[in-house]
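Here the structure comes first, spelled out in structure tokens, and everything after it is commentary.
Each value in this text was obtained by applying a stated rule to the coordinates, not by laboratory testing. What you see is a predicted model; the values in this text were computed from it and never measured. Every residue, glycine among them, receives a Cβ derived from its backbone with ideal geometry; neighbour counts consider all protein chains shown.
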């Protein structure tokens with residue numbers, strides 16, 4: 001049986017590792033290479049590295065650093081941040097990255113997703129969708145580059161992204177980011193029912209129970225940041241990942 | 001010393017991870033750009049991702065077909081296909097129109113689930129193998145071995161004896177196949193931690 005993937009999500013800012021809370025208050029948590037090495041030793045299912053400053057700063061991916069990341073990963077590596085062209089994607093794949101994750105470029109024009117999927121296959125391109133609810137509790141599509149909500153139906157954007165060729169959707173709840181207070185299960189349920197491709201849910205996981213709840217709500221995989229880099233009430237930096245037997249017991253296989 | 005494993009530099013491939021894991025387990029691999037060089041090597045790995053026709057046209061237009069046939073069929077040296085590389089060993093695929101290498105009597109078909117099924121395509125993530133026959137790559141006695149998969153199409157072998165291992169996604173699908181010196185794995189050993197390293201070490205030491 002296919003296992004549910006549990007994916008540490010590492011955020012980069014100016015080549016350092018950070019963790020945000022509700023997409024703000026980026027706290028430095030260490031050196032990315034060191035963290036990736038530890039995660040690889042812990043045999044994580046997969047790893048997602050997102051450079052949250054790249055699109056905002058109009059920067060290129062840091063290829064040299066990403067190549068070092070790939071050199072440490074004997075598991076799939078997904079990179080996101082500042083990817084806007086097929087050529088950039090090609091370069092990343094050549095360095096040993098399996099998947100590129102697009103947000104800003106996909107919001108501008110979904111044809112980039114199609115062009116990458118046509119050349120490298122749908123499995124190699126993810127579209128990351130950030131959702132933020134407004135004061136009425138209505139879910140809105142959000143652009144992490146501009147830090148603003150976008151006037152466009154989010155569920156339709158998910159469907160359009162899949163039609164364009166996205167092999168997976170990364171669904172992030174901005175309001176839950178870094179809170180470790182549980183994931184937005186209603187959001188996950190709605191999104192998962194709408195797309196035929198795997199859904200990676202992110203945002204809010206504070207325990208293995210939260211991960212299980214997201215899976216039970218239809219997510220194919222769960223990604224988490226704070227859960228795997230922070231420890232205890234004071235959020236001391238400690239890199240952890242559950243043992244395989246723990247995950248097996250959690251998912252009851 | 002001449003590296004023992006050649007990896008044809010097909011445009012459909014992503015080889016750095018494969019080279020890296022071979023080195024990690026003590027082997028030597030080289031990405032080869034000219035088909036006539038294949039004769040210098042003891043083994044070949046066909047690694048690739050993406051669409052079937054793109055893979056076959058990479059082989060055809062690069063002039064690899066003759067060299068690969070001679071390597072696998074005439075000289076009978078070990079050859080391992082990974083992911084799309086495994087599918088290319090088959091006769092044909094629903095995904096494309098071009099004939100495959102045809103060394104394994106199999107068709108590649110898309111996953112088919114009942115309408116309303118919650119199973120996702122691609123089959124993406126970690127899955128365990130059910131080993132179907134004694135083989136040099138994944139010994140039956142090793143216990144549970146899990147590998148990273150990502151594919152939307154899978155091989156259906158006409159001769160069940162060619163099936164090396166299966167995995168379950170909706171139903172049992174071919175996860176690895178072999179006929180003599182020709183072997184293929186649908187999953188990515190280069191992305192499967194120690195399980196992948198063990199498999200690659202066994203291929204290196206063949």
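Table for the structure above
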read-out: Two-site FRET efficiency, residue B:97 against residue B:24, from Cβ-Cβ distance with R₀ of 51 Å, rounded to 0.05; value: 0.85
read-out: Whole-Å semi-axes of the ellipsoid equivalent to the protein assembly as shown (Cα gyration tensor, √5λ, descending); value: 37, 22, 22
read-out: Cα-projected label distance for residue A:159 with residue A:138, points at 7 Å along beta-carbon direction, nm; value: 1.8 nm
read-out: Averaged over A:2-8, number of beta-carbon atoms from partner chains that fall within 10 Å; value: 4
read-out: Inter-chain shielding of B:195-201 (mean C-beta neighbours from other protein chains, 10 Å cut-off); value: 1
read-out: Value of [θ]222 nm, deg cm²/dmol, for chain A, DSSP H segments ≥ 4, -39500 (n - 2.57) each, nearest 500; value: -9500 deg cm²/dmol
read-out: Region A:106-253, relative contact order in percent, only Cα pairs under 8 angstrom and at least six apart counted; value: 17 percent
read-out: Over chain A, relative contact order from alpha-carbon pairs under 8 Å, at least 6 apart, %; value: 17 percent
read-out: Global form of region B:5-205, assessed from the alpha-carbon gyration tensor, a/c cut-off 1.5; value: oblate
read-out: Within 10 Å of each Cβ in A:118-127, the average number of Cβ atoms from other chains; value: 5
read-out: MRE, 222 nm, helices only [DSSP H, n ≥ 4, -39500 (n - 2.57), over chain B, to nearest 500]; value: -5500 deg cm²/dmol
read-out: Global geometry of region B:1-117, whether rounded, prolate or oblate, following the gyration tensor of its Cα atoms and the 1.5 cut on a/c; value: prolate
read-out: Percent antiparallel among DSSP beta bridges (both partners in chain B, rounded to 5); value: 60 percent
read-out: Ranked packing of A:201-209, B:31-39, A:178-186, most packed first, by mean Cβ within 10 Å; value: A:201-209, A:178-186, B:31-39
read-out: FRET E, pair residue A:148, residue B:61, Förster distance 35 Å, beta-carbon r, rounded to 0.05; value: 0.15
read-out: Relative contact order, percent, region B:5-205 [alpha-carbon distance under 8 Å, six or more residues apart]; value: 20 percent
read-out: Kirkwood hydrodynamic radius over Cα pairs of region A:153-253, then Stokes diffusion coefficient at 20 °C and 1.002 mPa s, in µm²/s; value: 151 µm²/s
read-out: Counting DSSP beta bridges with both ends in the protein assembly as shown, the antiparallel % (nearest 5); value: 45 percent
read-out: Rounded to 5, percent antiparallel among DSSP beta bridges of chain A; value: 35 percent
read-out: Normalised alpha carbon radius of gyration of chain A [divisor 2.2 N^0.38 Å]; value: 0.92
read-out: Contour minus Cα-Cα distance for residue A:216 and residue A:179 (0.36 nm per residue); value: 11.3 nm
